[in-house]
Each structure stands twice: as structure tokens, then as C-alpha cells.
Amino acid sequence: MNKIIVIGHLGRDPEMRYTPSGQGVTSFSVASNRNYTTASGERREETEWFNVSAFGRLAELCNQYLTKGRQVYVEGRLRSRSYQGNDGQTRHVNEINLSDVQFLGGGGRGGPDAAGAAPYDREASPAGGPAGGMGGSGGGPSGEGPSDEVDDLPF
């Protein structure tokens, strides 16, 4: 099974483009923060960045409702690929191919907010599943997760 779930904040506005066949593709990045205390008592913060690609109807929804800084729940398949950079060097990237999304926290372009987090599940998860059960809580399965404070953003 290849599945990844990330709750974080958008690092940039989504970018939408179309394939030659006319299918929409939206790309954006998500930053997920982890706060911890070292053995010596020093508080530290670690930020992990994820590139996300959405296709079809999901691409349209993400492009419409997401903006930089907005908190989002993304679920999908982790995909690794390589490409040649402008300098001729081979680059390797990992990205999430989106299958489920929830728009958490306020913000966006008039879209759903935390009170009515709008899940979109291509496979129509039951209400108790991740897409229907998150409900804009902002935390992961253990109750931990990024803070809703915009000041916690790494950018």
C-alpha cells in the first residue's frame, strides 16, 4: 500500500495548467511543522515540505479554494520521479498525487472554512473515514498537528 497523509499550510498559491488532452492539473506545496524539545531542554521546530499534484475535479477545487498560508489535509500516493534541470543535472523529487483533500482553517477565496470543511474523496469515503471524519479539527490521529496560528508558518 502506498499512502501518505499530510496536514500543513500551503507554501504558495496553487498553479493550474492543462494536459494536451485537456485534463486540469494543479500543483502546490504544503509545509508541515513539528515542534519538539531536545534532551538539553532547547525547543526546536522542524519543517518538512511536500509537493502536491491534483488532477481533474480535484485540481479545479484546489485551484479555486486554496491560497498561500491556508491549512489543508492532503491524502494521496507518494510518487518519485527524476528530471533534467536547466544546468544538466539530474534531479529527484517526491510528490504526492492527491486522492483526498480537506480545506481546513479559514481563508481562501470564499470557500469552505473549518466549520464546514469540504472533503472531496474520489472514492466517496464513508463519514467515519479520513475524508469525512476530519471535520476541520486541525490535528492528526494522535491529536497533534500544526497550529492554526498563521505566525507558525515557516515563510
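Things worth noting here:
- Residues of the range 45-83 that turn out to be surrounded by 17 or more Cβ atoms within 10 Å (Cβ to Cβ) and not in a strand (DSSP E or B), as a count: 9
- Selection from the range 16-36 of residues that are open to solvent by 80 Å² or more (accessible area, probe 1.4 Å) and farther than 20 Å from Tyr73 by Cβ: Arg17, Tyr18, Pro20, Ser21, Gln23
The values are calculated or read from the model by the stated rules, or taken from the named source; none is laboratory data. Values in this document were obtained by computation on a predicted structure and should not be read as measured data. Positions of Cβ are generated from backbone atoms using ideal geometry, with glycine treated the same way; all protein chains shown enter the neighbour counts. With ligands, DNA and RNA removed, areas are computed over all heavy atoms of the protein, side chains included. Shrake-Rupley method; radii C 1.70, N 1.55, O 1.52, S 1.80 Å.
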